[in-house]
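Report on one structure; see the data block that follows.
Taken together, the values in this text are just the output of simple stated rules run on the coordinates, not laboratory data. Owing to the predicted nature of the structure, the values given are computational and were not obtained by experimental measurement. Reconstructed Cβ throughout: ideal geometry from the backbone, glycine too, with neighbour counts over all protein chains shown.
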């Protein structure tokens, strides 16, 4: 792996500061494509390799410490290695005597009851092993329930790495089509082989154009899937969300809220609590696993119960001479679904957030105000956009960021340069990524972050 030669100062300092990360990544390329196990972990010129985390701080293989705002892409709402989460995991293994049953166990219903308290729209639910698996199951449920095959998604929204939704997440403007009628732009090689799965792309926060497109294709659409807060930080407008619910309901189209990013982040009850909108299906992930892999699909009983087992209705049931009912049931299974250790960690996380969520929101608000104040003082055009405990920094003087196209008009190069300067000052998030605040981010971390921002904006980028 060759380091791209860049004369820009932050890249030079970054290279000097993270030499062992570079060596680790070069070695990893002998075994892993690009040296990573997920494309999202990569960034140019090479990513930092971490070795330790505690609270709100991570340490890399070079011994550099950072205040962490990536937080496992928002999954670590309690920070790294929270003692209550550790204890819950240890207690589960000690009490149960095993990591895995492969049978029903008490935590499955206990965790479901806790989720349903915060998400009453989830009348019945199923566990998966990731947010991607959750949205995939949600789409299959909608297909089976309606008898239709096509789905609609919004431009700029991400729902996982599979054929039906891997379109128009960050499309080039030259390929994205008209703002009122976006094109489905593939975001991966190989998708052209699956043309029948191509989704209808809708314009976020543009209800007039959205309604027109849904009405035009209503006979084909099984579902509309949406992040109620795009990317976790660009909010839907309330009138947009209310009208979308009305349109989908009127046309018998399943409305799926992908709350993998927003669940227990924008509010304890996610986007549906904030907007007071009841979706037909909700997907959750990230936070609810306490740092372990999990996903959940929940929603209306009549939809979710399509997956309810029947006698001789299992794909693995030999039948014993009886007629199989497997085609009458939406098959959903997984050895690790409802993993007891993960549910114990997740339950402890939710209990912790029920006590501390409001204080985390307050810390997030103070951090956002401090960043904006530092930008104003330094004459650097920036503002923060987000809800609850998650936000992003956008380099613009514009008041409103309503969708993907607005975001593309901001100064992304300035944001990237700023992020590398901040990395060199000990503030970590993947360049251009959002900020996720945890219960571990206290006064010390906030002060260190704002001091780093003042240094970067005034001494490096100020005008």
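I'd like the orientation of helix 207-217 relative to the chain: the angle between its Cα long axis and the longest Cα principal axis, in ° from 0 to 90, rounded to 10.
40 degrees
Largest first and to the nearest Å, give the Cα extent of region 203-260 along each principal axis.
If we take the Cα atoms of region 203-260, the spans are 32, 22, 15 Å.
I'd like the orientation of helix 340-378 relative to the chain: the angle between its Cα long axis and the longest Cα principal axis, in ° from 0 to 90, rounded to 10.
Helix 340-378 and the main axis of the chain meet at about 40 degrees.
To the nearest 10 degrees, how steep is helix 83-96 against the longest Cα principal axis of the chain, on a 0 to 90 scale?
Rounded to the nearest ten degrees, it is 30.
Calculate the radius of gyration of the Cα atoms of region 74-189 to one decimal place, then report Dmax, the largest Cα-Cα distance, as a whole number, both in Å.
For region 74-189, the Cα-based Rg and Dmax read 19.5, 58 Å.
After finding the eigenvalues of the alpha carbon gyration tensor for region 101-338, what semi-axes result from the square roots of 5 times each, listed largest first in whole Å?
After diagonalising the Cα gyration tensor, the semi-axes are 29, 21, 17 Å.
For residue 308 and residue 366, FRET efficiency with R0 = 51 Å and r from the beta-carbon atoms, rounded to 0.05? Numbers along the way, then the final one.
Details: r = 47 Å, r/R0 = 0.93.
My answer for the efficiency is 0.60.
Nearest 5 percent is fine: what portion of the DSSP beta bridges confined to region 101-338 is antiparallel?
50 percent
What FRET efficiency do you get for residue 59 and residue 447 if R0 is 25 Å and r is their Cβ-Cβ distance, rounded to the nearest 0.05?
The value I calculate is 0.80.
Among rounded, prolate and oblate, which fits region 16-146 when a ≥ b ≥ c are the square roots of the eigenvalues of its C-alpha gyration tensor, a/c under 1.5 means rounded, and a/b larger than b/c means prolate?
prolate
Could you work out the helix-only [θ] at 222 nm for the chain, with each DSSP H run of four or more residues adding -39,500 (n - 2.57) and the total divided by the number of residues, to the nearest 500 deg cm²/dmol? If you can, show how the numbers build up before the last one.
Values: 13 runs with 166 residues, N = 463.
Value at 222 nm, helices only: -11500 deg cm²/dmol.
Express as a percent, rounded to the nearest 5, the fraction of DSSP beta bridges in the chain (both residues included) that run antiparallel.
65 percent
For Cα pairs less than 8 Å apart in space and 6+ apart in sequence, what is the mean separation divided by the residue count of the chain, i.e. the relative contact order in percent?
20 percent
Subtract the Cα-Cα distance of residue 179 and residue 301 from 0.36 nm times their separation in residues, and report this length gain in nm to one decimal.
Details: separation 122, 0.36 × 122 = 43.92 nm, distance 3.65 nm.
Gain in length upon complete extension: 40.3 nm.
Along each principal axis of its Cα atoms, how long is the chain end to end? Whole angstroms, biggest number first, please.
Here the spans come out as 75, 57, 46 Å, largest first.
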